[in-house]
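Here the structure comes first, spelled out in structure tokens, and everything after it is commentary.
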Amino acid sequence: MNTNHCRGVEIVFFTDIDDTLMQTKRKCPVGDSELIVGARDRDGNALSFLTKKQLALFQCMSKNTTVIPVTGRNLPALERTDIKLDCAPFRITGHGAEVTDAGGQVPSGWCPPEGHKQQQEQLQILSQQVHGWIKERPQLRVKLVTERDSVPVYLSVKGSRSTDNRQVLSAFIQQFSPVMKQWNWKIHSNGNNVALLPSFACKARAVRFVRQEIEKTSGNHLSIGAGDSHSDNDFLKECDFQMIPSNSQLATLLGNAHDAVSE
């Protein structure tokens, strides 16, 4: 019996990458001298790191489950991770905008939702507006994240790591919230990063599709979802069990909700 099966049931581990399995060095535990490089930038420099506990978790899941990444990274950025995902039968990237199989091809059943072409055009317009807004705010940088054939999937805004950007990022969110609500898009904010997500960039929709594909070949399966932020919450609810890092945005939100109910 394969190690990713238990009593004939396949176990599938849907996992976010950044701030779940790895993080930038400034987010790692202070004084940890045993960090493992997890991802690199385009020049090959170390960018993200795993703690020994995160590596142990990933190795355990790789040995005993079918691991499927569910990430805001596009496919090229995912391929710059040092963790081995070669055996993943599917990859969910671009915050759920893209699904590819092990060969890097889009599965035949994966179709973008109605209106996605218009949303891609809106992304281009929004990108110009955001570039204009941050022109006088050099501590911010914006990137139009693309997938295959340079297709735009979402906008990423990041603050300089050397400064406190909470105030300017809050102002940015306030500035662009009205148009996001008008278009029924989502704003994902976590620490130094903000993502403007069109409705077709949906991790939950992508996980739902992959689970249906797995059902066709493996029948019933057990799914475990792991994620750190509120943008992961919807895809976690598509899974049978949820795994959340203790020191994460989602854990904080759950703790606050529990405290509010207890008062």
When the scattering of the chain is computed by the Debye formula from its Cα atoms alone, each counted once and equally, what is log10 I(q)/I(0) at q = 0.16 Å⁻¹?
-1.36
Over its Cα atoms, what ratio of radius of gyration to 2.2 N^0.38 Å does the stretch 75-220 give?
1.15
Distance between modelled label sites at MET180 and ALA251, nm, 7 Å Cα→Cβ extension
2.5 nm
Return the single residue from SER170, SER229, SER248 with maximal mean-square fluctuation; model: Gaussian network over the chain, springs between Cα atoms under 10 Å.
SER170
Roughly speaking, what is the centre-to-centre gap between the stretch 23-84 and the stretch 135-211 when only Cα atoms are used, to the nearest Å?
22 Å
Determine Rg/Rh for the stretch 1-157; Rg is computed over alpha-carbon atoms and Rh is the Kirkwood hydrodynamic estimate from the same atoms.
1.02
If neighbour count is taken as other Cβ atoms inside 10 Å, put VAL153, VAL145, VAL30 in order from fewest to most.
VAL30, VAL145, VAL153
So for the stretch 116-197, using the alpha carbon gyration tensor with a ≥ b ≥ c as root eigenvalues (a/c under 1.5 gives rounded; past that, a/b versus b/c decides prolate or oblate), I'd call it prolate
Under 5 Å between amide H atoms, partner at least 5 residues away or on a different chain: which partners does TYR154 have, H built in plane at 1.01 Å?
VAL145
What 222 nm value per residue comes from the helices of the chain, counting each DSSP H run with n ≥ 4 as -39,500 (n - 2.57) and dividing by all residues, nearest 500 deg cm²/dmol?
-10500 deg cm²/dmol
Burial ordering of PHE241, PHE13, fewest other beta-carbon atoms within 10 Å first:
PHE241, PHE13
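Quick note: the coordinates plus some simple rules give every number you see, no bench work behind them. Since the model is a prediction, treat every value here as computed from it, not as a measurement. All Cβ positions, even for glycine, are placed from backbone atoms using ideal geometry, and neighbour counts span all protein chains on display.
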